[in-house]
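Remarks on the structure that follows.
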Amino acid sequence: MRAKSNENAVSPVVGVMLMLVVTIIIAAVVSGFAGGLTGSQTTTPVVSLQAEYSIQDGMSIWHNGGDTLTIGEFRILLTPSANFDSIESDAYVSEISQLLIEDGSGTFWYDYKGGREVPRFAAGDVAYINTTNCYTEKLTPSLTYVSYGKTYNKGINQTEKVGATFYLDFVAKDGKRITRMEVPVKP
């Protein structure tokens, strides 16, 4: 006579179902990571820009290649370099108003009401700031200050600044630097 044994077994159908559920869960996790379910990170644009400043002609900025920049989605900062003056450069960072910038056809990036006229800054484009808009009060108001009743102008539009340099930084809205250019002041 045979003794009864207490053997527990999982039927093949239940085993297959468990394996299928585990496979689906693993696929969902992998898909979530690949599809950005865990959060998306914005990438900082990569561009090649070149700038030139002349007291007589104003400022030109060339987009030589790389990502297209959407107007209004970045800031342009001007910072005097160490050879600019006997000032601490980081204390005099000025944001250049994009209302002062025009494209190659003479259209300003923004109209006088603040509406965007030019949608993007792409490879092959040139941005200009004319000499009228390069005056210190407009372009770099942080470089003009009053001390003991006397006004001091440390702006870039002065003949004694010829040969000095300043930095132009293009910065994304999240604060990450897109690019930095050292620009000499020319006559």
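Observations, loosely collected:
- Subset of the range 148-187 [more than 24 Å from Asn64 (Cα to Cα), polar (S, T, N, Q) and either in contact with a Leu (Cβ under 7 Å, 6 or more places away or on another chain) or in a strand (DSSP E or B) (or both)]: Thr151, Asn153
- Pairs with Cβ under 8 Å, 6+ apart, first in the range 122-137 and closer than 15 Å to Gly155 by Cβ, second in a strand (DSSP E or B) and among the hydroxyl-bearing types (Ser, Thr, Tyr): Cys134/Tyr53; Thr136/Thr144; Glu137/Thr144
- For the range 108-120, the candidate set comprises residues that are part of a loop (DSSP other than H, G, I, E, B) and within 22 Å of the chain's Cα centre (by Cα); within that set, the residue that is modelled with the lowest pLDDT is Gly114.
- Members of the range 39-52 that are modelled with pLDDT under 95 and either closer than 30 Å to Leu99 by Cβ or surrounded by 10 or more Cβ atoms within 10 Å (Cβ to Cβ) (or both): Thr42, Thr43, Thr44, Pro45, Val46
The values are calculated or read from the model by the stated rules, or taken from the named source; none is laboratory data. These numbers were taken from a predicted model, which means no experiment stands behind them. Reconstructed Cβ throughout: ideal geometry from the backbone, glycine too, with neighbour counts over all protein chains shown.
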